[in-house]
Protein chains: 4
Amino acid sequence: MYEKWYKAEHKDPDGIKKAVYGLPEIFRDRIKSSSLVSNPGCYPTGTILGLTPLLKNKIIFSDDIIVDSKSGISGAGKEPSEITHYCERNENIEAYKVGSHRHTPEINHILTKVSSLNVSLLFTPHLTPMNRGILNTIYAKLKSGTKINQIKDAFHETYCNEPFIRIRQNQLPRVMDVVNTNFCDIAFNIVENRVIVISCIDNLIKGAAGQAVQNMNIMLGFNETVGLL
Amino acid sequence: MYEKWYKAEHKDPDGIKKAVYGLPEIFRDRIKSSSLVSNPGCYPTGTILGLTPLLKNKIIFSDDIIVDSKSGISGAGKEPSEITHYCERNENIEAYKVGSHRHTPEINHILTKVSSLNVSLLFTPHLTPMNRGILNTIYAKLKSGTKINQIKDAFHETYCNEPFIRIRQNQLPRVMDVVNTNFCDIAFNIVENRVIVISCIDNLIKGAAGQAVQNMNIMLGFNETVGLL
Amino acid sequence: MYEKWYKAEHKDPDGIKKAVYGLPEIFRDRIKSSSLVSNPGCYPTGTILGLTPLLKNKIIFSDDIIVDSKSGISGAGKEPSEITHYCERNENIEAYKVGSHRHTPEINHILTKVSSLNVSLLFTPHLTPMNRGILNTIYAKLKSGTKINQIKDAFHETYCNEPFIRIRQNQLPRVMDVVNTNFCDIAFNIVENRVIVISCIDNLIKGAAGQAVQNMNIMLGFNETVGLL
Amino acid sequence: MYEKWYKAEHKDPDGIKKAVYGLPEIFRDRIKSSSLVSNPGCYPTGTILGLTPLLKNKIIFSDDIIVDSKSGISGAGKEPSEITHYCERNENIEAYKVGSHRHTPEINHILTKVSSLNVSLLFTPHLTPMNRGILNTIYAKLKSGTKINQIKDAFHETYCNEPFIRIRQNQLPRVMDVVNTNFCDIAFNIVENRVIVISCIDNLIKGAAGQAVQNMNIMLGFNETVGLL
């Protein structure tokens, strides 16, 4: 699967078997006892955090999920190219790799593991004119008769003790609220037979280096929030 | 319905009955003979143009459509407010009025009329840091066995003579390609059992004043593109 | 001088001798009869237009002029590089080539020719987070006793018939007023013993391709504003 | 003087006499023993820090100084208005209050006190499309025969022990380097008979709340950098 999506042989096939997926909110116990952690991608972090409570609790169908993501430009990397040129990105939005972004199998793989359901979602990333931040708008179909309180309970149970997850009630998640922090802000709402989950992170912190520090803190037995709050 | 969504009585209930919906690509003949045209909203223009070929040709299900829209800030109006303050919008993206934006019934009403199907879509607008432009990412479920060529044919038949619709093949629609023009750029792709349509306009031109000029040209018997190309 | 500033031999030393400097407001007659026009740089255009009335009329000292310019990023060229990377330019301003930008000798040379004074100004360009546009803030020392009306008269005489110069009275020049146009907006004010001139152009139009079209129109005997208004 | 520039009576005329000007790099000793500190404005902070070493050491003329400042939009305040509307500020730069900004007398007053010279500078602020940050480009005339080493020495002596002043040698100050910090970055260069000083701060930190915390730390006998590094 790695070769299919990354068009290259993996350089450490042994390591990949031992590595634990470094999403502390879901794999904290395994991270604690691991000596090799693979830090999640920026899109998977927010998407998996937004969907885990719903899938684990069988509140939504696992085969009818759409993720529409809006990313700042640092997500496209440091390498100068036409894609990262200021005048190509400023005053512009565009989708890319529709249905074929290499973060898709990473998301499906982890969510399948988390839920024991066969998860296959549709993922569409967009480049938007900001330095940093990702806002994910997630659309999922509810099992018949689901009430908003079941969703609230699912999120509450999953995240009530998490230092870096904030469930927002009166304010939808905004990029400006999470930039320069390790927080993942999440809100949800029912519209007819669907739940819409919005999750939001700083792609460079919770979506990259901040989460790596969080994982390191766990692995080394430090307080998990050291250096991050 | 107007009162429900706009929280106000309509000021010209007689007029509204006579008014023709001013989307030339769909109602040109009726606009030609009308003396009162109601100019479409910015979100409805791109959404209706993106979905009409698929609904008219019964290629997609009418009850399983999601529209995720990204709008520049001029869409929020000229009135100064906390919402339009530079520091609230710059380096920020947020969704608003999820499932409750007042353009939703306008879109459903017209698409229902166009297709003779009961269309009820889920519409989520987002404010994004650009002066102008709207990119709509539209997700719809395909009837079983649909091939990409059927979709191509549907768009081609509907728009091949349209001066302001550009079907993009090798480049997904981008805000920077339509800004300051009356064009609506459209592209589509199949991913598994869904079609993803991306449509893009300048909300101030094709989504407002440009379309009004286009309608005026039609009503007065001018060449439709006068002042717009 | 070319070799000193551009670190390369000029490729057409014969041509450079015959070429007329393509600033129509100043060299229109010579452009009309020329077969080779060198199109001015973006910084020189706004700076020379802002200073010519004052130097020609000996209202300011020619050896005490400061030009502080703020340019959009398209001025840095299309080539992708660290300098043009979105994340390097967005939410950032910096000066560059302080006192050593290669447009300096171009400006001094033309202003010396225009005024028959030995002009040597201090030029400091800055990169600012916009796609296009240049705002020049010009500081010059007034000859003792100069009144604002002398300055008004100088600008009026020089530009009253110019189709692309707008002298602003109640609104200081703004990048947003000239973007996508061939206009150069100019305002001026006296503060104690100095005059401050602000000139503003779109670096890609009046500072590049638009001015080239204007020159072409003059050379070919067309109406000068064809294609530009 | 307060009434002339602020068009209002000062509300605490007794307090203003006792207040110490809260620029720690210059008035640290007096702040330490004061019970009332007036926190400097955002423009004065960077300007005064950039000029103090030169004026105190009589390296420049005190009557021939130009300050050209570029400010992010948070400098215009939180109040929604046409001036702070996203679409007025994005893709736009303009000067305002040329020679008449109310920070001018504050700057002149403090620099006069610091140098015992009669300082009267020309100050031109500009609004630029960033959330935060101020870059000041300062032009001053050198006393005849001044060498770059005298300038280096003056800055070194004045600031070598300052925790929040960074003298940049190989990189001109950039807004992106100081945003979200309490640093003031400074660089200088001689061009002919002038010195150009560039100073750069975050207007909301070193130009406002950060400096207030720095002052509080000094007044209360805390380590000066607590909460700021």
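The values are calculated or read from the model by the stated rules, or taken from the named source; none is laboratory data. The shown structure was predicted, so the numbers you read here are calculated from the model rather than taken from an experiment. All Cβ positions, glycine included, derive from the backbone under ideal geometry; neighbour counts span all protein chains shown.
The table below lists the values:
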| read-out | value |
| --- | --- |
| Residues located in the range C:91-126, provided they are part of a loop (DSSP other than H, G, I, E, B), more than 22 Å from D:ILE196 (Cα to Cα) and basic (Lys, Arg) | none |
| Residue within the range A:140-149 that is under 28 Å from A:GLY77 (Cβ atoms), touching a helix residue (DSSP H, G or I) at 6+ places or on another chain (Cβ under 9 Å) and not small (Gly, Ala, Ser) present | no |
| Selection within the range D:64-88 - in contact (Cβ under 8 Å) with a residue 12 or more places away in the chain, within 9 Å of chain C (Cβ to nearest Cβ) and more than 14 Å from the chain's Cα centre (by Cα) | D:ASP64, D:GLY72 |
| Unmet criterion (only one of (1) closer than 22 Å to B:ILE138 by Cα; (2) without any contact (Cβ under 8 Å) to a residue 60 or more places away in the chain) for B:PRO24 | (2) |
| Every residue from the range C:181-198 that is closer than 25 Å to C:ASN223 by Cα and part of a strand (DSSP E or B) | C:CYS184, C:ASP185, C:ILE186 |
| Residue match in the range B:210-229 (condition: closer than 25 Å to B:HIS126 by Cβ, hydrophobic (A, V, I, L, M, F, W, C) and in contact with an Asp or Glu (Cβ under 7 Å, 6 or more places away or on another chain)) | no |
| Qualifying residues in the range C:163-180 (those that are in a loop (DSSP other than H, G, I, E, B) and within 16 Å of C:THR225 (Cα to Cα)) - the one nearest to the other protein chains (Cβ to nearest Cβ) | C:ASN180 |
| Entirely in the range A:1-90, the helices (runs of 4 or more DSSP H) that have 2 or more residues that are in contact with a strand residue (DSSP E or B) (Cβ under 9 Å, 6 or more places away or on another chain) | A:13-18, A:24-32, A:42-56, A:86-89 |
| Cβ pairs under 7 Å, 6+ apart, first in the range C:42-58 and more than 11 Å from C:LEU135 (Cα to Cα), second among the aromatic types (Phe, Trp, Tyr) | C:PRO53/C:PHE155 |
| Any hit, the range A:21-41, residues being within 21 Å of A:ARG174 (Cβ to Cβ), more than 14 Å from every other protein chain (Cβ to nearest Cβ) and at pLDDT 95 or above | yes |
| The one condition in (1) within 12 Å of another protein chain (Cβ to nearest Cβ); (2) crowded, with 19+ Cβ neighbours inside 10 Å; (3) free of Cβ contacts under 8 Å to residues at least 60 places away in the same chain that A:SER199 fails to fulfil | (3) |
| Residue match in the range B:64-86 (condition: out of contact with any His (no Cβ under 9 Å at 6 or more places or on another chain), under 30 Å from C:PRO129 (Cβ atoms) and among the β-branched types (Val, Ile, Thr)) | yes |
| Qualifying residue in the range C:217-229 (condition: part of a helix (DSSP H, G or I) and either within 14 Å of C:LEU54 (Cα to Cα) or in contact with a Pro (Cβ under 7 Å, 6 or more places away or on another chain) (or both)) | yes |
| The lone exception for B:ALA209 - which of (1) within 13 Å of chain A (Cβ to nearest Cβ); (2) free of Cβ contacts under 8 Å to residues at least 40 places away in the same chain; (3) under 30 Å from B:HIS85 (Cβ atoms) it fails | (1) |
| Any hit, the range D:150-172, residues being in contact with a strand residue (DSSP E or B) (Cβ under 6 Å, 6 or more places away or on another chain), of a type in the set (D, E, K, R), under 30 Å from D:ASP63 (Cα atoms) and surrounded by fewer than 21 Cβ atoms within 10 Å (Cβ to Cβ) | yes |
| Neighbours by Cβ (under 7 Å, 6+ apart or cross-chain): first from the range C:164-179, on the phi < 0 side of the Ramachandran plot; second charged (D, E, K, R) and in a helix (DSSP H, G or I) | C:PHE164/C:LYS206; C:ILE165/C:GLU25 |
| Looking only at the range D:95-143, and only at residues there that are free of Cβ contacts under 8 Å to residues at least 24 places away in the same chain and among the small types (Gly, Ala, Ser), the one that is nearest to the other protein chains (Cβ to nearest Cβ) | D:SER100 |
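Let's see how each residue does on (1) at pLDDT 95 or above; (2) within 25 Å of C:ILE190 (Cα to Cα); (3) within 16 Å of the chain's Cα centre (by Cα):
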| position | (1), (2), (3) |
| --- | --- |
| D:HIS101 | no, yes, yes |
| D:PHE123 | yes, yes, yes |
| D:ARG132 | yes, no, yes |
| D:ASN149 | yes, no, no |
| D:THR158 | yes, no, yes |
